[in-house]
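Novice: Provided herewith is a single structure, encoded as structure tokens, for subsequent inquiry.
Read the figures in this text as sums done on the coordinates, not as results from a lab. Note that the structure is predicted; figures quoted are calculated from it, not measured. In this analysis, Cβ positions are derived from the backbone assuming ideal geometry, glycine residues included, and neighbour counts consider all displayed protein chains.
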Amino acid sequence: MKRIVMFYLVAFIYSWGIWLIGIWLLPESIDSVLLVSIGGIGPFIAVIYYLVQKDTISIKGFLKRFYVTEKNSYLVLLFSFLLPLVVFLLAYVIHNIIYNQTLFLQLESEFKAQILISIIFLFFFGPLPEEIAWRGIAFNDLMKKNVWNAQFLVAILWAIWHIPLFFISNSYQAELGLFTNNGFLFFANTILLSVIIGWMYFLTKSILVAVVFHFMVNLTGEMFVVSIEITYIKTILYLLIAILSSVIFYIFDRNQQTNFK
């Protein structure tokens, strides 16, 4: 437990330190994307700190979690790729039915202008370093003691970690606003997605599954123009998925305990 506490301290001190320095000391002289990106590798810095504290066997075990080895894990990997697409498209369908409109998918102009760069950036600055850390290290260790506590702690701390981003001018979070409906939706989605990713990781012990799901969620959100109504519908859909998956795992856990007795 002490090692996980230190892991989180390193991640938060590095990320928040970089972001707060940029906010207070370099508000006009540093690009917001660069500032967010440099601070965003804090979780990866924490992973390096964590791994050098452990023996070689543990490091090898950690590296093995970057791929899937069982047939069931491949199905979850495919599910992690498709689910964000299905949720996104279903949100559009529901929106059109509720509002009696014909709203079509429309690419974001900035994304369209730099598709390849945007995709690479979305993968390496967000899903990859964060999932290596939050699921590959934090959740993996905490779930060994209690998976429900692990879900709660990782989700809340992941949401809190993003707070300084709301104060970086021109950042995605700053445009949402901290105390706004969009800000609320951001935190709600972060927590719900953390729960869903957590169950996927619990099933597979694969960092790759977590990275793919996180990446596809970010990609669908950044690639297309998304209205506030669509975002609300997506949040509700992810809420239902998070609740359903948690209920299923709760029933499974109870059955396991009963069979053990």
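Novice: Mind checking the full-extension length gain between VAL52 and PHE179? Use 0.36 nm per residue of separation minus the Cα-Cα distance, one decimal, nm.
Specialist: Working: separation 127, 0.36 × 127 = 45.72 nm, distance 3.92 nm.
That works out to 41.8 nm of additional length.
Novice: How would MET216, MET6 line up from fewest to most surrounding beta-carbon atoms within 10 angstrom? Intermediate results must be reported in sequence, preceding the final value.
Specialist: Values: MET216 20, MET6 14.
So the residues, fewest neighbours to most, are MET6, MET216.
Novice: Is the shape of segment 66-260 rounded, prolate or oblate, going by the alpha carbon gyration tensor and its root eigenvalues a ≥ b ≥ c, with a/c under 1.5 for rounded and a/b larger than b/c for prolate? If you can, show how the numbers build up before the last one.
Specialist: Numbers: a/c = 1.62, a/b = 1.47, b/c = 1.10.
Cα axes put segment 66-260 in the prolate bin.
Novice: Kyte-Doolittle cut-off 0.0, length cut-off 24 Å along the helix's own axis using Cα: show which whole DSSP H helices in the chain pass. Can you show the working numbers first?
Specialist: Numbers: long enough: 2-24 (31 Å, 1.41); 71-98 (39 Å, 1.82); 181-204 (34 Å, 1.34); 228-260 (47 Å, 0.87).
Membrane-span-like by this rule: 2-24, 71-98, 181-204, 228-260.
Novice: Contour minus end-to-end for MET1 and LEU85, with contour as 0.36 nm per residue of separation and end-to-end as the Cα-Cα distance? Show your work: numbers first, answer last.
Specialist: Values: separation 84, 0.36 × 84 = 30.24 nm, distance 3.64 nm.
Gain on extension, MET1 to LEU85, equals 26.6 nm.
Novice: Using 1/(1 + (r/R0)^6) with R0 = 30 angstrom and r between the beta carbons of PHE167 and ILE248, what's the FRET efficiency to the nearest 0.05? Each step should come with its number before you reach the end.
Specialist: Numbers: r = 39 Å, r/R0 = 1.29.
Efficiency, rounded to the nearest 0.05: 0.20.
Novice: Using only DSSP helix segments of four residues or longer, with each worth -39500 (n - 2.57), what per-residue ellipticity at 222 nm results for the chain after dividing by its residue count and rounding to 500?
Specialist: Numbers: 13 runs with 196 residues, N = 261.
Computed ellipticity for the chain at 222 nm equals -24500 deg cm²/dmol.
Novice: Taking amide H atoms as placed 1.01 Å from N in the peptide plane, list the residues 5 or more away in sequence, or in a different chain, whose amide H sits under 5 Å from that of PHE224.
Specialist: Distant-sequence amide H within range of PHE224: GLU108.
Novice: Moving on to the next point. For the chain, modelled as a Gaussian network with Cα springs under 10 Å, which listed residue fluctuates most, PHE187, PHE123, PHE224?
Specialist: Result: PHE224 has the largest fluctuation of those listed.
Novice: Something else: When the chain is fully extended, how far beyond the present Cα-Cα distance does VAL147 get from LEU107, taking 0.36 nm per residue of separation? Write out the running numbers ahead of the final one.
Specialist: Working: separation 40, 0.36 × 40 = 14.40 nm, distance 3.85 nm.
Full extension from VAL147 to LEU107 adds 10.5 nm.
Novice: Normalised by the number of residues in segment 168-250, what is the relative contact order in percent for Cα pairs under 8 Å and 6+ residues apart? List each step's numbers first, then the result.
Specialist: Working: 33 pairs, mean separation 30.0, N = 83.
Contact order relative to length: 36 percent.
Novice: Over the chain, with a Gaussian network built from C-alpha contacts below 10 Å, which listed residue (ILE23, ILE251, ILE243) shows the highest mean-square fluctuation?
Specialist: ILE251
Novice: Select from ILE197, ILE115, ILE18 the residue whose mean-square fluctuation is largest in a Gaussian network model of the chain (Cα-Cα springs shorter than 10 Å).
Specialist: Most flexible of the set in this elastic network: ILE115.
Novice: Taking the simple approach of a point 7 Å from Cα along Cα-to-Cβ for both ILE120 and SER227, what is their distance in nm?
Specialist: 3.6
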